[in-house]
Amino acid sequence: MQVYSASTSDPDAIVDALLNGAGVVKITGLFSSAQIAQARAIVMEHSDRDTDKATHFQGAAQEAGTINLQRRVWNLLAKGAVFSDMAAHPVLMKILRRFLGTEFIMGSIAANRILPGGPGQEPHVDYPYWDFHKPETHPVNLNSSFPMNAQVSIILDPFTEESGATGYVPGSQKALRYPAPEDKFFEHCKQMTGEPGDVILFYGVTWHCAMPNTSDHDRSAVLIQYLPKWVKPMEDMPAALPAEFMANASPDIRQLIGLNYPYPEVLETAKAGNAEGRV
């Protein structure tokens with residue numbers, strides 16, 4: 001896993017690593033210790049109170065009877081300004097504009113908390129490829145040469161081998177398929193280790209999963225999904241955000257929550273002057 005700092009992050013080099021290299025990079029120095037502490041406190045508060053929120057790939061936890069040891073906190077933009085700062089950090093925006101196009105959007109921003117004893121997840125790929133075990137539901141000849149996803153994990157607790165740092169198979173993003181048992185994921189995977197404040201950026205078709213937390217501390221991160229502007233977001237953020245937030249959103253946040261992209265739209269009621277370029 002290549003490591004960059006805020007000052008050395010080269011968008012072209014990072015895009016090449018995501019597409020043609022390991023599929024994963026780490027960027028240090030984007031967030032202060034105060035920002036990380038504030039974000040973590042909010043995540044802890046909500047995950048302690050709301051323990052039944054939906055998460056993903058929980059088969060291992062269900063089988064082990066430890067479902068409550070994996071907790072998800074959704075709609076983070078409404079829970080603190082620090083999360084808007086994280087989602088629209090200038091370094092990330094610059095890289096992602098190169099990777100997903102200048103008008104990319106955010107599909108989801110949530111936090112994942114795995115408590116000690118949490119068993120981790122099944123190896124998978126991320127939305128919109130999440131159900132690629134059914135390739136017939138996706139377009140013919142779809143390939144990994146153009147990305148429809150980027151994932152950012154902002155580490156809030158130490159990501160170590162013991163705490164279940166995300167496992168991944170370097171180079172697996174080139175295959176654009178679901179990991180199969182014969183791929184022996186757990187024999188070949190590396191782990192996305194890092195310290196609080198580190199950012200892991202990866203192409204979501206890289207085979208990955210949370211690993212078991214065998215440590216004595218939580219393993220938490222802010223998870224941000226980014227998509228091209230025309231991919232349907234996973235989380236309906238405008239519907240969940242208060243009107244005051246929407247009215248005061250920065251230009252970058254407006255772009256990220258999809259307010260700059262008009263579709264779907266009721267074209268029967270659209271004004272003629274706003275229809276330029278539509279056929």
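The values are calculated or read from the model by the stated rules, or taken from the named source; none is laboratory data. Since we're looking at a predicted model, the values are computed, not measured. Note: ideal-geometry Cβ built from the backbone for every residue, glycine included; neighbour counts use all protein chains shown.
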Q.
Exactly one of these conditions fails for residue 199: (1) of a type in the set (A, V, I, L, M, F, W, C); (2) more than 19 Å from residue 130 (Cβ to Cβ); (3) more than 20 Å from the chain's Cα centre (by Cα). Give me its number.
A. (3)
Q.
Quick check on segment 100-135: of everything there that is part of a loop (DSSP other than H, G, I, E, B) and among the hydrophobic types (A, V, I, L, M, F, W, C), which residue is nearest to residue 21 (Cα to Cα)?
A. 125
Q. Pairs under 8 Å by beta carbon, first residue closer than 26 Å to residue 17 by Cβ in segment 136-147, partner among the small types (Gly, Ala, Ser) and at pLDDT 90 or above, six or more apart or different chains?
A. 144/175
Q: Please work out which residue is nearest to the chain's Cα centre (by Cα), limiting yourself to segment 123-137 and to residues that are closer than 20 Å to residue 166 by Cα and acidic (Asp, Glu).
A: 126
Q | Failed item in (1) surrounded by 12 or more Cβ atoms within 10 Å (Cβ to Cβ); (2) outside any strand (DSSP E or B); (3) of a type outside the set (Val, Ile, Thr); (4) touching a residue at least 60 places away in the same chain (Cβ under 8 Å), with residue 177 passing the rest | A | (4)
Q. What pairs can you find where one residue is in segment 222-245 and without any contact (Cβ under 8 Å) to a residue 40 or more places away in the chain, the other is aliphatic (A, V, I, L, M) and part of a loop (DSSP other than H, G, I, E, B), and their Cβ atoms are less than 9 Å apart, with a gap of 6+ or different chains?
A. 238/257; 238/259
Q: May I ask you to list the residues in segment 136-174 that are hydroxyl-bearing (Ser, Thr, Tyr), assigned to a loop (DSSP other than H, G, I, E, B) and over 24 Å from residue 220 (Cβ atoms)?
A: 144, 145
Q: Could you check, for segment 55-67, whether at least one of its residues is buried (at least 16 other Cβ atoms within 10 Å of the Cβ), modelled with pLDDT of 95 or more and among the β-branched types (Val, Ile, Thr)?
A: no
**Q.** First in segment 250-265 and under 15 Å from residue 89 (Cα atoms), second anywhere and assigned to a loop (DSSP other than H, G, I, E, B) and among the hydrophobic types (A, V, I, L, M, F, W, C), Cβ under 6 Å, 6 or more apart
**A.** 252/88; 253/88
